[in-house]
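Data block below; observations after.
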Amino acid sequence: MFSLHGQKALVVGIANEHSIAWGCAHALKAQGADLAITWLNAKAEPFVRPLAEELEAEILLPLDVSQPGQLEAVFAEIASRWGRLDTLVHSIAFAPRADLHGRVIDCSAEGFGLAMDISVHSFLRMIRLAEPLMTDGGCCLSVSFFGASRVVRHYNMMGPVKAALESAMRYAAADLGEKGIRVHALSPGPLATRAASGIDHFDEMLAEAAERAPTHQLASIEDVGAMAAFLASAEARNLTGSVHEIDGGFSITA
């Protein structure tokens, strides 16, 4: 029903073949987009580079958003090689383990600040750098979770962090709507990714989600990728500022 042929897309956050970002990259490529893909560091590169090469990514670069200059270098390469950007997928989040596994009210200022910087402010920084490259409009996507709006056991400090991400998404959508740049959050239910494995009792969360969801199925990275590809398309040009729940109906249940 739609095509992304000729689009240029940056996907940040692939760690391995189970990553949400990988599902998004695969779907974008399947619909015809050209890809730029990043990896976190030298340890991650051997896992990410083969996946990027499988999708014939045209730009491959390291990106640790906590390191000064790396984000700017990625966008400088995109500007030099492509001269434009149509789609941005931000699928990174971080919280120090000690803060994540404790009560929200006990988390340290340093840990909370770091989680906000990497999980939220880096998205705003990416959008700001993408803006001048999206001269014909574009789509910026990040990844949230149901715990942003409801208390989810063991999700702890990432709940307030994801709530901030969703709010930032809405304000960014308002800032950029007149330029045709749409901003969204993808919100799958619990998924067995490497990042999610850091959450206490995560296996219990997966089982509960599958039981509660009307479909009795967990979302897959392919499901998330399909939504990302649609939102990046011209057919979704009048959609912006939304949290898209991709969870088999888990979020509608009590």
The one condition in (1) modelled with pLDDT of 95 or more; (2) hydrophobic (A, V, I, L, M, F, W, C); (3) part of a loop (DSSP other than H, G, I, E, B) that PHE2 fails to fulfil: (1)
Residue among LEU51, LEU60 that alone is crowded, with 19+ Cβ neighbours inside 10 Å and either within 20 Å of the chain's Cα centre (by Cα) or free of Cβ contacts under 8 Å to residues at least 40 places away in the same chain (or both): LEU51
Residue count for the stretch 105-130, restricted to those that are more than 19 Å from GLY241 (Cβ to Cβ), surrounded by 16 or more Cβ atoms within 10 Å (Cβ to Cβ) and aliphatic (A, V, I, L, M): 5
Residue match in the stretch 157-178 (condition: modelled with pLDDT under 95, buried (at least 16 other Cβ atoms within 10 Å of the Cβ), in a helix (DSSP H, G or I) and not polar (S, T, N, Q)): no
Failed item, numbered, when MET116 is tested on (1) without any contact (Cβ under 8 Å) to a residue 12 or more places away in the chain; (2) assigned to a helix (DSSP H, G or I); (3) closer than 30 Å to THR253 by Cβ: (1)
Set ALA213, ALA209, ALA219: member being crowded, with 18+ Cβ neighbours inside 10 Å, touching a strand residue (DSSP E or B) at 6+ places or on another chain (Cβ under 6 Å), at pLDDT below 95 and closer than 30 Å to ASP99 by Cα: ALA219
SER80 being out of contact with any strand residue (DSSP E or B) (no Cβ under 6 Å at 6 or more places or on another chain), assigned to a helix (DSSP H, G or I) and either closer than 30 Å to LEU231 by Cβ or free of Cβ contacts under 8 Å to residues at least 12 places away in the same chain (or both): yes
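The values are calculated or read from the model by the stated rules, or taken from the named source; none is laboratory data. Note that this is a predicted model, so its numbers are computed, not measured. Please note: Cβ atoms are built from the backbone with ideal geometry, for glycine as well, and neighbour counts cover all protein chains shown.
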